Structures are given as C-alpha cells and as structure tokens.
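Laboratory data are not the source of any read-out in this text; all were calculated from the coordinates shown. Predicted model only: the values in this text are computed from it and were never measured. Backbone-built Cβ (ideal geometry, glycine too); neighbour counts: all protein chains shown.
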Amino acid sequence: WGVFSSTVRRRVAWDSCYCTSCKGRCKIIDIHTRDWPSSGLGRSRRTAEALYARGPRETKLSNSMRLNRLTSLAAATAAALSVRPGHAVQLPTTLPTATTRISYAYDGYTGTIPTEFGLLTDVTYLRLDANALTGHIPSELGQMSEMASYFHLGANSVSSSIPTQLGQMSKMSTAFNLQSNMISSSIPTQLGQLEQISFSFHLSSNSLLSGIPTQLGQLDQMSSDFDLFSNALSSTIPTQLGQLDQMSSDFDLSWNSLSSAIPTQLGHLDQLSSGFNLYSNSLSSAIPTQLGQLRQMSSDLWLGSNSLSSAIPTQLGQLDQMSSDFDLSWNSLSLSIPTQLGQMSEMTQYFALDSNSLSSAIPTQLGQLDQLSASFYLHSNSLSSAIPTQLGQLDQMTASFQLDSNWLSSAIPTQLGQLDQLTASFFLHANSLSSAIPTQLGQLPHSSSLYNSFCLYSNKLCADVPTELYALASGDKSGWAITLPGSITTTNSIGTPCEHIISTSRPTSSSTSRPTSSSTSRPTSSSTSRPTSSSTSRPTS
C-alpha cells in the first residue's frame, strides 16, 4: 500500500510506507529524504506503532499531516519532525520488538522511563534527553546488549542511583549521557566495562557522591568529552585516569570536592588540545611538573579555585600553543612568576594568576604576551618592585588590565599609555606606586566605561593630576579627581609636590580595604558561571 497522491485521487506505490492492510492503518512509516505529499498521512488511522526517520537530512512535515494525531510513536526522530505534544504525554510502554532506534528527545514527555524498554534487546540508539522525565533509571535498560551509540537520558529530572546493569552495554562506542539530572549516590564501578566508548561520557551536573572509580581508567579509547563536572565527588583523582591518553579535548572534573594532589599521571594526557579542567575543587599540594607535557594544549587549562601551593612549575611555559584561558587563580601559589610563562606568546585572552601569594617582581618576559586582547590578571598577590615597562607592549588589550592589590612600587611606566585600545578595567590601585601620574595615560580611550574602572587610589602618587587625564572622564569633569568613581585621591597625595612627600609605610588592608582571599569570597558554583571554552570571564553545558 502507499499514501495518497497530492495531485490525483488514487493510491500510489511508495516503498517507504508499510501497512497492515489496505484500509490505511499504518504500521511503520519510514521517512527517507524524498519529498512528502502535502497530505495523505492525515487520511490514515490515528494509530501508528512506529515512526522512523532516516537519511542524510532531517525531514520536517507540514502541520496538515497532523502528526500529533499519531499515538504510540516508537523509534521516532520526533524532534526533527517538529512533533510537540500540546499536553503532558508519557512515553509508550509497547513498541515493536524489532525496534532498533528510539528517539523522543526534546518533546516534553513526562512520567517515568518504561521498564518495558529493556525488552527491546535490538535497540542500538536511545535518546530520551531534554524532557521532563522523573523517577529512577530502570535497571532493565542494561539488557539492551546491542546498544552502541547515543544512550542519552540527559536534561531530565531522573533521580536515585545509576543502575550497575548499565555496565553490561559493552558495545557502547559513542555518547553515554546522563548529565543534568538529579542522580545521587556513587558512580558504579561497572561503568568501567564500557571499554569501547570513544566519545562523550557525560555524568555532569548531578549530585553524584563519593570517589571517582578507578575502573573508569579502563575507558582508554576515549578521545573527547570525559565530563564529571558539577557533582559532589570527593576523595582523590584516580591515577588510573592517566590511562585516557587518547583524549584530545574536554577532560572536565571541575566543580566537585576532589582533594589531595593532582596525579602526576595526568601528564600522560598529552594529546589534549583543549579543555583540561580541574577548576573549583579542594586540590592541594604543588602543580605537577608533568602537566608541562600537555604541549598540544591551545585553550582552556583551568586549575583555579583550589588550594594548590608552592611555585608555579617552569615547565608550564612549554604550553606555548595556548591561545586562551590559562587560569591558576584563587590558589595558594607562592614564590615568583616563572619567566617561562612569557613563551605563551599566542595567548589572546584570559591569562589569570590572580588571588594567590605570588611574590617578587613581575617578569619582563610577560610583555611578550602581546596578542592578549582581554583579561590580564595579576591582582591580589604580593608582587613587588616596579611595573615592567615591557607591559606597554600589550597594546592589543581592550579590557581588564589588573595589577591592583600588590606591593608594586616606583613610578607608573609611561609605556602603559600605549594600551590605547583599553576600554575597561585599568586597575593599579592598592599598591605602593609613587611619583607623578604619567601624562601618557591620557592616551587611553576616552570612554565612560574605562573612566568608571580607572583606579589608581591607595598608592603614594603625588603632584597634580595631568590635564590629559581629565579627558578620560565624561560629563562634568570639575570634580573628577575627588568625587567620581575613578577617584585617585584616596591615600595618595595628589596636589602635593612629589619632593615634599615624606616616605610612609604602604597602606594596609585595614585602611585601604585591599582585597585578599580572606576578605573576598571564593567563587562558588552558585555565584560564578562554570568556565567554558567560549567564556573568558572567570568562571555551563
């Protein structure tokens, strides 16, 4: 049988429609990439046991076909067909035993996942993601022994635990995804049996507890997207994860409660080109020198918001392919900044060493980061000595040049006037900078956004404010140096000739409110967005 032609009132043969009789009761509709007639589907009975779309492109049907009248849909790419139930709909419990693909993603289904799906042992593809499903994951789904790709239950509200039986789907090669649910308890060790999976292992954004099973190190065919972020995982990072040495992108354990040292074995992930993310845990001890072996990294190395200590390894300077998002902020790192970090000359945005205990002078070699356009963060440390004149070479900067809250001294280099693309966040406040303000800072763009974040207060600056700087202010300039947000007079000696200034001790946090890790809240998942490859502000799938 076939469908009715849109041009003649007769049946036409069409090998993509299989029916149980000539009365129009459709059993399976197999949609290829050929054009559909404008009507005909609506003429069939309103019960279809299966709807299955395939082909090199998705086919969308017109509203005249009334797909919403079809019930008991199975193996359907309903999202591609723009099926949107107008009311709460639960998943079918009866599907053809020969079903091999089930897809009900993005369709607003409610209720629980039917245990009967476990009887469909020929299914190789299951997508129930982005619905409103609740309840637990049926252990019966582990009987889908032919499951090979896209076991995707993400973005629902399923809870309880991950069934150990899911480890029986040993043919899984792509996309095991339970992310963004309400799953609790520990990760089953049996998931380590999914040894064929090569892409997308997602358990992120749940409430998973306890340690990461060592058995996950057996997933050594993984090439990208090993994501356990945003859970409540604790204990140490297993050394066995260093066996995932085929990973090329997105190794993400961030936003958990992992503790102890970073395993040196993670240096074996030397095929990674982007996305090594341990941000916002409780990791301690020194950064392993072996991370310098990640020489293919071009973006997104996040170690910030932990309790890492000791010196920054000089070996990190070997990551000279890095172009964005190098973050060691909010730790307890000490000693000097390695000169070797100046070798990261491809960096274009987000170089963050702030909120540590780094000391000594800023290396002149950081002036080699002359491709940076935004986010040069060295603030809230214990850096001392003069600001290197070489930082004037960062003349591509458009926002966030922040050296505030350190112990920097001597005069502000005239070369900083070369940052003439900067439109926001020029922060040198809360240091021990002295002498007159260079007239060259008047070369900075005349924008209200820069003016409102142009901060030189709490230093030892003297003499009059150069007239060239008044142009940075918008509106009424008469009170600019005293009352407006860009004030520079606080604890400075503006208006006093520099030769009359008597050396005094540097203002302390009690008199200048210098931000420190104890006075400034550590970023949390509730207050700060998770870092992504597209985000450059300090830290969401």
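Going by amide H atoms built from the backbone, whose H comes under 5 Å of the H on Ala155, apart from near neighbours?
Counting only residues 5 or more places away or on other chains, the set is Ala130, Gln179, Ser180, Asn181.
Just to verify a number: FRET efficiency for Asp220 and Thr339, C-beta to C-beta distance, R0 = 35 Å, to 0.05?
0.45
Starting from 0.36 nm per residue, how many nanometres of slack lie between Asp370 and Ser173 once their C-alpha separation is accounted for?
66.6 nm
Starting at the first residue of segment 368-375, write each ³J(HN,Hα) from the Karplus equation 6.51 cos²θ - 1.76 cosθ + 1.60 with θ = phi - 60°, in whole Hz, x for Gly and Pro.
Coupling constants for segment 368-375: 6, 7, 7, 9, 4, 10, 7, 6 Hz.
Contour minus end-to-end for Ser145 and Ser260, with contour as 0.36 nm per residue of separation and end-to-end as the Cα-Cα distance?
Stretched out fully, the Ser145 to Ser260 stretch lengthens by 37.6 nm.
Each residue of segment 327-337 in turn: what ³J(HN,Hα) in whole Hz from Karplus with 6.51, -1.76, 1.60 and θ = phi - 60°, glycine and Pro shown as x?
Per residue, the Karplus-derived 3J(HN,Hα) values read 10, 10, 5, 6, 10, 10, 5, 9, 6, 8, 6 Hz.
Could you work out how far apart the two model spin labels at Ser307 and Asp420 are, taking each label as a point 7 Å from the Cα in the direction of the beta carbon, and quote it in nm?
About 4.9 nm, to one decimal.
For Ser435, which sequence-distant residues (separation of 5 or more, or a different chain) have an amide H within less than 5 Å of its own amide H, given hydrogens modelled in the peptide plane?
Result for Ser435 returns Cys462.
Which FRET efficiency value, to the nearest 0.05, is calculated for Glu116 and Ser161 with the Förster distance at 30 angstrom and r the Cβ-Cβ distance?
Between Glu116 and Ser161 the formula returns 0.90.
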